[in-house]
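Down below is the structure, laid out as structure tokens.
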Amino acid sequence: MTRRQDTAYSPGVSLARKADDYVGEPTCPARTQAFPWKARMSDSEQIPSGVDASRPSPARMYDRFLGGTANFQADRDAVDRIVDLVPEIRDAAWANRGFLQRAVRWMAEHGICQFIDLGAGLPTQRSTHEVAREILPDARVLYTDNDPGVIAHGREILPGVPGTAVIEADFRQPEELLGHPETGRLIDLAEPVGLLIVAVTQFIPDADDPWSLVARYMDALAPGSYLALSAPTADRMVAQKVSRILDVYATSTIPLNTPRAKAQVGRYFTGLEIVPPYDGAGPVLTSAGLWDCEDPETAESDGSRSFYVAVARKPGSAGNPAH
């Protein structure tokens, strides 16, 4: 597969192999020491207050799919049940992670230096602020989640990282999240923002109208802001595999998981200007593997087709990107 070189993929290295490279203990002891959350969470004394280690958590399962160690036995068992029938799901997780990182890099290259990462999940290899700061060293990032374990880990590792913060917030309450004191401290809403909603909307049921929630976030941001969104789909997956995934997630701390069709995912970008996903493409929704690829003929895989993604700009004249 051929994608532009980024922090999640190396040219010529398969997604499945890349995921496998991170299974087990971290390969860099110095990094583990600097980030103690990477130690495998198997002892009761390591369980943060408010965390239910007896049930799998989508955030910890995602960490496990990516080969991380910030997960419990319940998470590993749940992942094993899925991988047993759907081995390409690790590929899908890496494709999704790669899209986030390439989108952040692309936005930073286009002058965006403040980001809101909604439903950020557990910190994994190459977090948003690390990627953005490779382009803009003073980039600022607000991470949000409603999982107590995510918040505990974020607060453990981010205090020593200026220009970043993590807050506990409900995705379904945009005004409260955007009005949080930490949001106001880090993010200037009068200037363009990079809004990241990556693998989040599947946990919001139709009854809660995730489309209007995304629109409310974008309405609050300045013209020239960008939305980077990915959402899982079952459009190209056999029913048996979809059922296994949904059955396992039904036992998790967020039991609802709704993969959506392409037209449904496209609705998140209503009123926005979709960025062409690769050279020669039109402004369209695409798979995670194709976004910012060098060769669309070889960039996709079974896993990467499991996510629809796009980056889109809010129309209007932007001010000077906030620094």
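Structure values in brief
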| quantity | calculated |
| --- | --- |
| Cα-based shape type of region 257-323, given that a ≥ b ≥ c are square roots of the gyration tensor eigenvalues and the cut on a/c is 1.5 | oblate |
| Sites Val284 and Asp52 - FRET efficiency at Förster radius 45 Å, r taken between beta-carbons, to 0.05 | 0.65 |
| Length-normalised contact order for region 92-173 - Cα pairs under 8 Å, 6+ apart - percent | 28 |
| Sequence-distant residues sharing a close amide H with Ala169 (under 5 Å, placed H) | Asp145, Asn146 |
| Summed side-chain charge close to Ala310 - residues other than Ala310 whose Cβ falls under 12 Å, Lys, Arg +1, Asp, Glu -1 | +1 |
| Simple spin-label estimate for Glu175 and Asp80 in nanometres, 7 Å along Cα-Cβ | 4.8 |
| Shape of region 73-204, Cα gyration tensor, a/c cut at 1.5 | prolate |
| Formal net charge of residues neighbouring Ala222 (Cβ-Cβ distance under 12 Å; K, R +1; D, E -1) | -1 |
| Table column - 3J(HN,Hα) (Hz), region 160-174, Karplus curve with 6.51, -1.76, 1.60, x for Gly and Pro | x, 10, x, x, 9, 7, 10, 10, 7, 7, 9, 3, 7, 10, x |
| Neighbourhood net charge (14 Å Cβ-Cβ; Lys/Arg +1, Asp/Glu -1) for Ala263 | +1 |
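All of the numbers you see were taken from the coordinates with simple rules; none came from a lab. No experiment lies behind these values; they were computed from the predicted model shown. FYI the Cβ positions are ideal-geometry reconstructions off the backbone, even for glycines, and counts take in every protein chain you see.
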